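Encoded as structure tokens, the structure appears first; notes follow it.
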């Protein structure tokens, strides 16, 4: 799970007061005086004076969004005035703005507005002047007045959008949407839309708009962080790697930038790259930082089937940060995966010596003890202890239910799960487990218990659509009830989530054999099932390649 949490909103970048730089206004004045010279807005934006002055006005961090829109905004305004044949009055406003004499610019633009009340340009000039005077509310009113005269006035739309965005107002969205309808290639508007979407926790929209503003966000660390975080959230770590790579290039002195890149590489299954990226973080800095890097390196080693290196990394992490529960849990999980249950218990015991009130450690120890056939009582005691230490979590109940199931105490297990469901009726894992327990009890179609099982499995899948264990259980129930069509539908959905789901493949084969219309798919499905079974066997062999044993002194090692 990606742990990096973005703590600073990109909106924080744009709270500075708009201060028109000399170069920007000079560009506008030149545009006016050119009287129709053929220069596209893109070419105008590239004028060195305009670009540099905007960046100077907003500083290195703030130049991307508001400053970029300011350049486009003023150039759009220049296009409006450039159509006139003689513009002494408008030109005098530009001169006042160019000299930062905002009070005079405001007076002149107000006179223009009184003389030409239906012309949107004087009102737009007023908006600029009022921004320079740090009067944002009046500036916004001026831009809105210009838009009432001409709703498609791009310059006024840009000015209003900029102000509302700076003020973190919900109205920014409507201005930006209108602006993008008129100028769909406006990258700065897309970047602002992305930032607003990120604030709403709408990652799909955030990614869509950042993808349309590459030039604007290329050097903005916070925007890139939002972009990368959302790509990861959308399960697209491979796409996030170049984004985090760019952040690391921009901010090489920040350890989090390197850590996030390693995290993205790990998520993209680029384990060797992740290890290379993270190793420098283990050579210096705070112990917590070094421990976190070692923990992620261990995960990469284990995923790359380098278990001895993974164990060594976690042992170093524990030595650096003995109160970090994650290192004990991860080392115990490796022991569990490799069948070294006693080694895992010893690891957890070491953690409990330091963290005696850790519900997670008691839960982990119970899971390990369940695998040791003679320790069901100890496991149940640990699950109950974990539940007492953290009554808000459901994992202990699930584990206790599974433990009782393995002891063949089905009725008691059902009772435990039902009691917890009364407090957490929408928990998908609890609902799945209840359905599975009913299947183990051998419930018959048409009985109330069978209906409860089906309802629980359906509920679990509604709450967590990609929960394939629940999907497989529901498919089994549908097949037992003779509802082959529903069983086939759920199996196909499960295979979209995991093409190698053996249960889903088997259930779909059963459905198609009952439905003679699907016979043509059978050979392919049988082949896929055989390949999935072979892959599972290879994974099990890889896990068994290293055997963890107990060294003298109680530490785990590899043979």
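The values are calculated or read from the model by the stated rules, or taken from the named source; none is laboratory data. Because the structure is a prediction, the values reported are computed rather than measured. Note that we place each Cβ from the backbone using ideal geometry, even for glycine, and neighbour counts take in every protein chain shown.
Tabulated values for the structure
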{"item": "Checking residue 373 against (1) part of a loop (DSSP other than H, G, I, E, B); (2) at pLDDT below 80; (3) crowded, with 16+ Cβ neighbours inside 10 Å, the condition it does not meet", "result": "(3)"}
{"item": "Some residue of segment 164-186 being part of a loop (DSSP other than H, G, I, E, B), surrounded by 24 or more Cβ atoms within 10 Å (Cβ to Cβ) and either out of contact with any helix residue (DSSP H, G or I) (no Cβ under 9 Å at 6 or more places or on another chain) or assigned by TED's automatic domain parsing to the domain that holds residue 90 (or both)", "result": "yes"}
{"item": "Which listed residue is in contact (Cβ under 8 Å) with a residue 12 or more places away in the chain, under 21 Å from residue 330 (Cβ atoms) and surrounded by fewer than 18 Cβ atoms within 10 Å (Cβ to Cβ), from 300, 268, 264", "result": "268"}
{"item": "Residue check, residue 199 over 22 Å from residue 263 (Cβ atoms), in contact (Cβ under 8 Å) with a residue 60 or more places away in the chain and in contact with a helix residue (DSSP H, G or I) (Cβ under 7 Å, 6 or more places away or on another chain)", "result": "yes"}
{"item": "Given (1) touching a helix residue (DSSP H, G or I) at 6+ places or on another chain (Cβ under 8 Å); (2) modelled with pLDDT of 85 or more; (3) surrounded by fewer than 15 Cβ atoms within 10 Å (Cβ to Cβ), index of the condition residue 440 fails", "result": "(2)"}
{"item": "Of the criteria (1) out of contact with any helix residue (DSSP H, G or I) (no Cβ under 8 Å at 6 or more places or on another chain); (2) buried (at least 17 other Cβ atoms within 10 Å of the Cβ), which one residue 254 fails", "result": "(2)"}
{"item": "The lone exception for residue 192 - which of (1) assigned by TED's automatic domain parsing to the domain that holds residue 304; (2) part of a helix (DSSP H, G or I) it fails", "result": "(1)"}
{"item": "Residue count, segment 437-449 (criterion: within 15 Å of residue 412 (Cβ to Cβ) and assigned to a helix (DSSP H, G or I))", "result": "3"}
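For every residue, the table says whether it meets (1) outside any helix (DSSP H, G or I); (2) outside the structural domain of residue 162 (by TED's automatic domain parsing); (3) touching a strand residue (DSSP E or B) at 6+ places or on another chain (Cβ under 7 Å); (4) more than 20 Å from residue 153 (Cβ to Cβ).
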| site | (1), (2), (3), (4) |
| --- | --- |
| 105 | no, no, no, no |
| 118 | yes, no, no, no |
| 125 | no, no, no, no |
| 131 | no, no, no, no |
| 134 | yes, no, no, yes |
